[in-house]
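Asks: One structure follows; several queries about it will come next.
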Ligand code: ADP
């Protein structure tokens, strides 16, 4: 199985993740869905993801052997490596974002149906701007020129394929890289989950993908889920 051996290109779609979940039962593993724009791009918990023309909005359909929340890191690492190919330094903001130049350049959203398929969605700001989001930034803004979108997709698929293999065969190796690429370690963070909030120093990303936080001397393990993280 190779990620991207089949690519479905759409001018416009509600959400590449939603579309992928609709077609997942009928397409080969590794099928990629790319859209010029999303009319209902989503973040987690039905937050919306701005997806105007010029960005890279894509999802890949996978059939992992079991449900593993660490799949999200396949996307995050692939984005970091892709950005590096274009001279853009970036790092992971645990659990599902990639930041560059002190702002959010990409988000990863994993969804799926246990035992059947998983969809790994990536939204990467390339030649678009996101004026309504003060914390957003794009490759174009960082590079100072338009970036060839097709080349970005090509590099992203290459890195996704590579990291998916590592995730499948040696997840602990992937997690070592995640730790290295996570920029929040050592910093004070606010972890928000439903009505719960926790403030402490992010210490480590553990092999199971959870974040270890020091809350006034007490170590807390925050598992990946619908948690949001804010920096101080
Ligand atoms: P959070 O980062 O708040 O935990 P998500 O990871 O689900 O939430 O991402 C959704 C959030 O990302 C939105 O609520 C919005 O603030 C922000 N956002 C939406 N579109 C973009 C975009 N194209 N680039 C960067 N940030 C965006």
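The values are calculated or read from the model by the stated rules, or taken from the named source; none is laboratory data. Since the model is a prediction, treat every value here as computed from it, not as a measurement. Cβ atoms come from the backbone with ideal geometry, glycine included; neighbour counts cover every protein chain shown.
Asks: Consider residue 60 carefully, then state whether it is closer than 13 Å to residue 123 by Cα and either in contact (Cβ under 8 Å) with a residue 24 or more places away in the chain or within 15 Å of the ligand (Cβ to nearest atom) (or both). Full working, then the answer.
Replies: Values: closer than 13 Å to residue 123 by Cα: yes; either in contact (Cβ under 8 Å) with a residue 24 or more places away in the chain or within 15 Å of the ligand (Cβ to nearest atom) (or both): yes.
So residue 60 passes the test.
Asks: Continuing with the same structure: Of the residues in the stretch 35-56, how many are within 8 Å of the ligand (Cβ to nearest atom) and free of Cβ contacts under 8 Å to residues at least 40 places away in the same chain?
Replies: 2
Asks: State whether one or more residues within the stretch 26-40 are more than 28 Å from residue 202 (Cβ to Cβ) and assigned to a helix (DSSP H, G or I). Full working, then the answer.
Replies: Initial filter on the stretch 26-40 (more than 28 Å from residue 202 (Cβ to Cβ)): 26-40.
With assigned to a helix (DSSP H, G or I) added as a condition, the list becomes 26.
Yes.
Asks: For residue 2, which of the numbered conditions (1) over 26 Å from residue 227 (Cβ atoms); (2) in contact with a strand residue (DSSP E or B) (Cβ under 9 Å, 6 or more places away or on another chain); (3) part of a loop (DSSP other than H, G, I, E, B) fails to hold?
Replies: (2)
Asks: Would the stretch 51-70 turn up any residue that is part of a helix (DSSP H, G or I) and surrounded by 18 or more Cβ atoms within 10 Å (Cβ to Cβ)?
Replies: Step one: of the stretch 51-70, the residues part of a helix (DSSP H, G or I) are none.
Looking through the stretch 51-70, none of the residues is part of a helix (DSSP H, G or I) and surrounded by 18 or more Cβ atoms within 10 Å (Cβ to Cβ).
Asks: Please specify each residue of the stretch 71-100 satisfying the condition of being within 12 Å of the ligand (Cβ to nearest atom) and either assigned to a loop (DSSP other than H, G, I, E, B) or in the same structural domain as residue 223 (by TED's automatic domain parsing) (or both).
Replies: 94, 95, 96
To keep it simple, each residue is scored yes or no on (1) outside the structural domain of residue 62 (by TED's automatic domain parsing); (2) within 10 Å of the ligand (Cβ to nearest atom); (3) within 20 Å of residue 44 (Cβ to Cβ).
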site: 109; (1), (2), (3): no, yes, yes
site: 113; (1), (2), (3): no, no, yes
site: 117; (1), (2), (3): no, no, yes
site: 123; (1), (2), (3): no, yes, yes
site: 126; (1), (2), (3): no, no, no
site: 129; (1), (2), (3): no, yes, no
site: 134; (1), (2), (3): no, yes, yes
site: 138; (1), (2), (3): no, yes, no
site: 144; (1), (2), (3): no, no, no
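Asks: Kindly check whether there is at least one residue in the stretch 173-182 that is within 16 Å of the ligand (Cβ to nearest atom) and either at negative phi or surrounded by 14 or more Cβ atoms within 10 Å (Cβ to Cβ) (or both).
Replies: The answer is yes, given that some residue of the stretch 173-182 is within 16 Å of the ligand (Cβ to nearest atom) and either at negative phi or surrounded by 14 or more Cβ atoms within 10 Å (Cβ to Cβ) (or both).
Asks: Is it fair to say residue 28 is under 23 Å from residue 189 (Cβ atoms), surrounded by fewer than 20 Cβ atoms within 10 Å (Cβ to Cβ), in the same structural domain as residue 123 (by TED's automatic domain parsing) and more than 11 Å from the ligand (Cβ to nearest atom)?
Replies: In short, no.
Asks: Quick check on my filter: what residues within the stretch 38-50 are over 12 Å from residue 17 (Cβ atoms) and either touching a helix residue (DSSP H, G or I) at 6+ places or on another chain (Cβ under 7 Å) or crowded, with 17+ Cβ neighbours inside 10 Å (or both)?
Replies: Selection gives 50 alone.
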